[in-house]
1. Report the label-to-label distance for Val316 and Ala41 in nanometres (one decimal), using points 7 Å from each Cα along the Cα→Cβ vector.
2. Of the cross-linked pairs Lys34/Lys204; Lys205/Lys264; Lys34/Lys157; Lys113/Lys219; Lys113/Lys177; Lys157/Lys264, which ones have a Cα-Cα span greater than 18 Å in the structure shown?
3. Residue by residue through region 150-156, what is 3J(HN,Hα) from phi via Karplus (6.51 cos²θ - 1.76 cosθ + 1.60, θ = phi - 60°)? Round to whole Hz and write x for glycine and proline.
4. Take Tyr250, Tyr171, Tyr96, Tyr40 and order them by how many other Cβ atoms sit within 10 Å, fewest up front.
5. Please find the FRET efficiency linking Thr284 to Tyr54, where r is the Cβ-Cβ separation and R0 is fixed at 35 Å, and quote it to the nearest 0.05.
6. For the chain, I need the span (max minus min coordinate) of the C-alpha atoms along each principal axis, in Å, sorted largest to smallest.
7. Which longest uninterrupted range of the chain lacks any GluC sites (Glu not before Pro) assigned by DSSP to a loop state (not H, G, I, E or B) and surrounded by at most 12 other Cβ atoms within 10 Å?
8. What are the ³J(HN,Hα) couplings of region 304-309, residue after residue, when phi is run through the Karplus curve with 6.51, -1.76, 1.60 and θ = phi - 60°? Round to Hz, x for glycine and proline.
Amino acid sequence: MKKFLLSLTALAAMSVSAQDYEVRTLTFEDSDYKGESTNYAGKLDWSSIIDEQYGGPLLYPKDFDEEAGDIVYWWYDEGNTEIFSELLNNYWDGCYWGGGIAISNYIEADLTKGNYQTQLSVPASNGSKNFAVTFCNSNPTIDEMNPQVELTILHDKLHIVESMMISPTTYSLNIAKNGDGYSAHGLTGADDYVTLTIHGLVEKKVVSSVDVDMARAGKFLEGWQTIDLTSLGEVDGLMFTMNSNDVGTYGINQPTYFAFDNVKVRFAKDDDTDRISTANVSATATQRYSLGGQQLNASHKGINIVRMSDGSVRKVMVK
């Protein structure tokens, strides 16, 4: 079953001048959690959706059945940057191995321990407790058959994403340096590279991009680095892909992981994070969805995504 994808096609772009915006930061810290509705784990924090590194019940659910209404792992920075993300569900089993973004707090400095069983670890802390680990689709082709990991800003305007901090994971850095059974050698040759591309999205279409070399010709990104994203322009989401010269039959041989934190997004000072619009008071609800994309027969407690008869999409809190 094709899942509902949040569409912002009816939402207007609006420029934000330097003197009229505030910067909101997605930190994944519990002290900064502003959501009023419960998260994927039914709690009001970030730490409760940190799972085991491999095989845990949140990221690797047993007997996942989308047709029966099971919802994939998701997270939402409600009341702040309004950034939402969920697993790709590439294999229709609701598991992280299909790609997506997981919240983490794992640190593993020993690169020799970097493998799929420590896939949520980074080599060093950036000074905060929590961060996010992205597992990209190993096929960087962007089309309907190859969904890619996205962040969606659930707001009625386009926004400038100022920057984000990124880091390799312990797993990705280990294999980039030393190789493994899939990648025969480290990326030390003159032509060797792994590049992360951060795409700016408007209405689910790529409008801009920024490249970040995670490895190139024996040089590696080894710690946290702040990436300027202002050149992406005004967007309503980000998409992540990774490319490398180390490829095989099924795509990139290198582990396509990276971590990120402290995503800074500009909001106009008079922006209200509530998406409810009164522009057309006669519009009626035609479809309702949960944040995880499940179509609902009726409103349910928490945040509902409602498609209206005038084509608009609203975020509605039901208490």
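Rule-based calculations on the coordinates, nothing more; no lab input. Computed from a prediction, not measured in an experiment: that's the story for all the values here. Cβ placement follows ideal geometry from the backbone for every residue including glycine, while neighbour counts extend to all protein chains displayed.
1. For the pair Val316/Ala41, the computed spacing is 3.0 nm.
2. Lys34/Lys204; Lys205/Lys264; Lys34/Lys157; Lys113/Lys219, as the Cα separations exceed 18 Å there.
3. Going residue by residue, I get 10, 10, 10, 8, 7, 8, 8 Hz, with x marking Gly and Pro.
4. Lowest to highest Cβ neighbour count: Tyr250, Tyr40, Tyr96, Tyr171.
5. Numbers: r = 46 Å, r/R0 = 1.31.
Calculated value: 0.15.
6. For the chain, the Cα spread along each principal axis is 63, 49, 37 Å.
7. Result, exposed sites excluded: 145-319.
8. 10, 9, 10, 8, 9, 5
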